[in-house]
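Each value in this text was obtained by applying a stated rule to the coordinates, not by laboratory testing. These figures come from a predicted structure and were not determined experimentally. Virtual Cβ from ideal backbone geometry, glycine too; neighbours counted across all protein chains shown.
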Amino acid sequence: MREAVGKLSRRAFCGCASVALWSSLAATRADAQSAACAVMTRDTQHATSPADALARLMEGNARFVGGKTVNCDLMRQVRETAKGQAPFAAVVGCIDSRVPPELVFDQRIGDIFCARIAGNFVNTDIIGSLEFATKLAGARTIVVLGHSDCGAIKGAIDDVKLGNLTAMLEHIRPSVMASKTNGERSSKNAEFVQTVAEANVKAAVAMLKSQSPILTALANEGQLTIVGAMHELASGKVSLLA
């Protein structure tokens with residue numbers, strides 16, 4: 001009898017423990033989703049370090065790749081950000097329709113400043129925009145985001161001439177000329193296209209650090225990180241460049 005009661009007690013205990021565990025996990029998931037859906041404020045932005053900001057983006061990309069994106073009440077965020085914004089990051093990305101930064105990093109309204117241009121290069125206008133995003137608006141990290149199989153990179157490699165596109169591609173041509181390959185120097189060489197795309201991202205990062213005393217000062221003060229990254233179209237994964 002005692003043995004039977006003991007078994008029942010153990011079962012009951014295990015059952016209660018299982019319920020408690022699942023309840024705890026559910027609460028943790030709920031808390032995580034609530035935090036991910038919370039609108040950035042000046043206070044939370046200021047409490048976010050540059051390293052935390054970059055980690056938040058990469059964690060979001062992991063959710064995106066894993067099919068575990070967080071669903072939020074976007075109209076609530078529209079209302080809560082209507083009178084002000086406090087994005088924690090800025091992304092320089094390509095206009096390619098397959099690489100929307102907010103979706104790729106699983107972020108929401110009010111989280112990211114986005115500057116998008118074919119080939120994700122930087123010029124005076126974009127540098128000035130990033131100075132606003134960081135020095136005046138408080139973003140903690142800048143990510144220059146290139147991607148695989150980029151049409152603008154291919155156009156620069158093949159030295160395409162077409163209207164205003166000709167002048168735009170000139171911003172990418174230095175990375176083409178600086179990149180080496182053992183194969184054909186054309187857009188048909190997928191490996192060369194990837195090499196140039198990565199070189200182009202690194203060139204943009206270097207330009208941000210060399211052409212803007214404002215961004216350089218913020219980085220030196222530990223208030224900002226500037227990094228390059230590549231998005232793989234086939235998988236959705238974002239990888240940081242060394």
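Taking 0.36 nm per intervening residue step and subtracting the Cα-Cα distance, what contour gain separates ARG42 from ARG76 on full extension?
10.5 nm
Setting aside same-chain residues fewer than 8 positions from LYS188, which lysines have a Cα under 22 Å from its Cα?
Result set, ordered by chain and number: LYS154, LYS161, LYS180.
In percent, how large is the relative contact order of the chain, given Cα pairs closer than 8 Å and 6 or more residues apart?
20 percent
Sequence-distant or interchain residues sharing an amide H contact under 5 Å with LEU241, placed H: which?
Those qualifying (amide H under 5 Å, at least 5 residues apart or on another chain) are GLY228, ALA229, MET230.
Per-residue HN-Hα couplings for the stretch 210-219, Karplus 6.51 cos²θ - 1.76 cosθ + 1.60 at θ = phi - 60°, whole Hz, x for Gly and Pro?
Per-residue couplings from phi come out as 9, 9, 10, x, 5, 5, 4, 5, 4, 5 Hz.
For the stretch 234-239, just list the computed ³J(HN,Hα) in residue order, Karplus coefficients 6.51, -1.76 and 1.60, θ = phi - 60°, integers in Hz, with x standing in for Gly and Pro.
5, 10, x, 6, 9, 10
Which order do the peptides 171-177, 146-152, 79-85 come out in when sorted by mean C-beta neighbours inside 10 angstrom, highest first?
146-152, 171-177, 79-85
GLU102 to GLU232: extension gain in nm, 0.36 nm per residue of separation minus the Cα-Cα distance?
45.2 nm
Per residue of the stretch 167-184, what does 6.51 cos²θ - 1.76 cosθ + 1.60 with θ = phi - 60° give for ³J(HN,Hα)? Whole Hz please, x for Gly and Pro, Karplus curve as stated.
The phi angles translate into 5, 5, 5, 4, 5, 9, 4, x, 5, 5, 5, 7, 8, 10, 7, 8, x, 6 Hz.
Tell me what the chain gives for mean residue ellipticity at 222 nm when only DSSP H runs of n ≥ 4 count, each as -39,500 (n - 2.57), the sum divided by the residue total, rounded to 500 deg cm²/dmol.
-16000 deg cm²/dmol
What fraction of the Cα pairs in the chain, stated in percent, has a spacing above 23 angstrom?
That tail contains 56 percent of the Cα-Cα pairs.
List the residues, sorted by chain then number, that are 5 or more residues from HIS147 or on another chain and whose placed amide H is less than 5 Å from its amide H.
The answer is HIS231.
Once you put a point 7 Å from the Cα of LYS68 and another 7 Å from the Cα of LEU165, both along the Cβ direction, what distance in nm separates them?
4.1 nm
Between SER34 and SER49, what is 0.36 nm times their sequence separation minus the Cα-Cα distance? Round to one decimal in nm.
Contour length minus the Cα-Cα distance gives 3.4 nm.
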